[in-house]
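The values are calculated or read from the model by the stated rules, or taken from the named source; none is laboratory data. This structure is a prediction, so every number in the text was calculated from the model and none was measured. With ideal geometry, Cβ positions are generated from the backbone for all residues, glycine too; neighbour counts draw on all protein chains shown. Please note that ligands, DNA and RNA were not included when accessible areas were found on the heavy atoms of the full protein model with its side chains. Shrake-Rupley method; radii C 1.70, N 1.55, O 1.52, S 1.80 Å.
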Amino acid sequence: MQNPNHSADANLYSVTQRVIDANAALRAVQAAIRHATQLGVRVNVSVVDASGVPAAFARMAGAPLHSIDIAIDKAYTAASFGLPTGQWQEALQSHSEAVRRGLVLRPRFVGFGGGLPMVERGERIGGIGVSGGSEAQDTGIAQAGLAELGLSI
């Protein structure tokens, strides 16, 4: 049976994956920074592609230093699972005790607000993560980055 992800050439063992490009990632980061400035919050903003590879990053002067890695990991978590990081507490309730305890201990996993998947035409192309404000502020700032590109959750 032909794999729908492969071409008619039976010797191909790869699939095409769409990812956010650098210009779009930078636009999203810039829009997020503008929104953070309007809110009077100093944050770090990260965009990763669908594989979790960094595509763009900015740190506002005065943003918390520990928030650098948190923003990156929020973007990584959102891109890897396709779920906003703020929805993990609820999502984990439907899983076993082992998953609830174990997943949150994984390196780079973030289970609180501020990370959003970036989805274009139904395909995940990356994630955006914001850290430095409250969870609600971080999420709103990330949403501003998505809105700049015409994307939504």
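Below, the figures for the structure above:
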{"item": "In segment 5-40, the residues that are in contact with a helix residue (DSSP H, G or I) (Cβ under 7 Å, 6 or more places away or on another chain) and buried (at least 19 other Cβ atoms within 10 Å of the Cβ)", "result": "Ala28, Val29, Ala31, Ala32, His35, Ala36"}
{"item": "Filter pass, Glu97 being under 30 Å from Ala61 (Cα atoms), open to solvent by 70 Å² or more (accessible area, probe 1.4 Å) and over 11 Å from the mean Cα position of the chain (by Cα)", "result": "no"}
{"item": "Selection within segment 12-35 - assigned to a helix (DSSP H, G or I) and within 14 Å of Gly127 (Cβ to Cβ)", "result": "Ala24, Ala25, Ala28, Val29, Ala32"}
{"item": "All positions within segment 30-50 that are among the aliphatic types (A, V, I, L, M), in contact with a strand residue (DSSP E or B) (Cβ under 7 Å, 6 or more places away or on another chain) and more than 13 Å from Met118 (Cβ to Cβ)", "result": "Ile33, Val43"}
{"item": "Every pair of residues 6+ apart whose Cβ atoms lie under 8 Å, when the first sits in segment 97-123 and is under 14 Å from Phe81 (Cβ atoms) while the second is assigned to a strand (DSSP E or B) and among the β-branched types (Val, Ile, Thr)", "result": "Gly115/Ile128; Gly115/Val130; Leu116/Ile128; Met118/Val47; Met118/Ile125; Met118/Ile128; Val119/Ile125"}
{"item": "Count of segment 40-89 residues which are assigned to a helix (DSSP H, G or I) and not basic (Lys, Arg)", "result": "20"}
{"item": "Any pair with Cβ under 9 angstrom, 6 or more apart, that starts in segment 84-95 at a residue that is aliphatic (A, V, I, L, M) and ends at one that is open to solvent by less than 80 Å² (accessible area, probe 1.4 Å) and part of a loop (DSSP other than H, G, I, E, B)", "result": "Ala91/Leu83; Ala91/Gly111; Leu92/Val104; Leu92/Gly111"}
{"item": "Filter result (farther than 14 Å from Ser51 by Cα and open to solvent by less than 50 Å² (accessible area, probe 1.4 Å)) within segment 61-85", "result": "Ala63, Ser67, Ile68, Ala71, Leu83, Pro84, Thr85"}
{"item": "Top-ranked residue of segment 41-60 - restricted to ones that are open to solvent by 10 Å² or more (accessible area, probe 1.4 Å) and of a type in the set (Val, Ile, Thr), ranked as farthest from Glu135 (Cα to Cα)", "result": "Val53"}
{"item": "Residue count, segment 129-153 (criterion: in contact with a strand residue (DSSP E or B) (Cβ under 9 Å, 6 or more places away or on another chain), among the acidic types (Asp, Glu) and open to solvent by 70 Å² or more (accessible area, probe 1.4 Å))", "result": "0"}
{"item": "Where a residue in segment 51-68 is closer than 25 Å to Val119 by Cβ and free of Cβ contacts under 8 Å to residues at least 24 places away in the same chain and its partner, wherever it lies, is among the hydroxyl-bearing types (Ser, Thr, Tyr) and not in a helix (DSSP H, G or I), with Cβ under 9 Å and at least six apart", "result": "Pro54/Ser46"}
{"item": "Residues (open to solvent by less than 60 Å² (accessible area, probe 1.4 Å), assigned to a strand (DSSP E or B) and over 16 Å from Asp69 (Cβ atoms)) located in segment 107-128", "result": "Leu116, Pro117, Met118, Val119, Ile125, Gly126"}
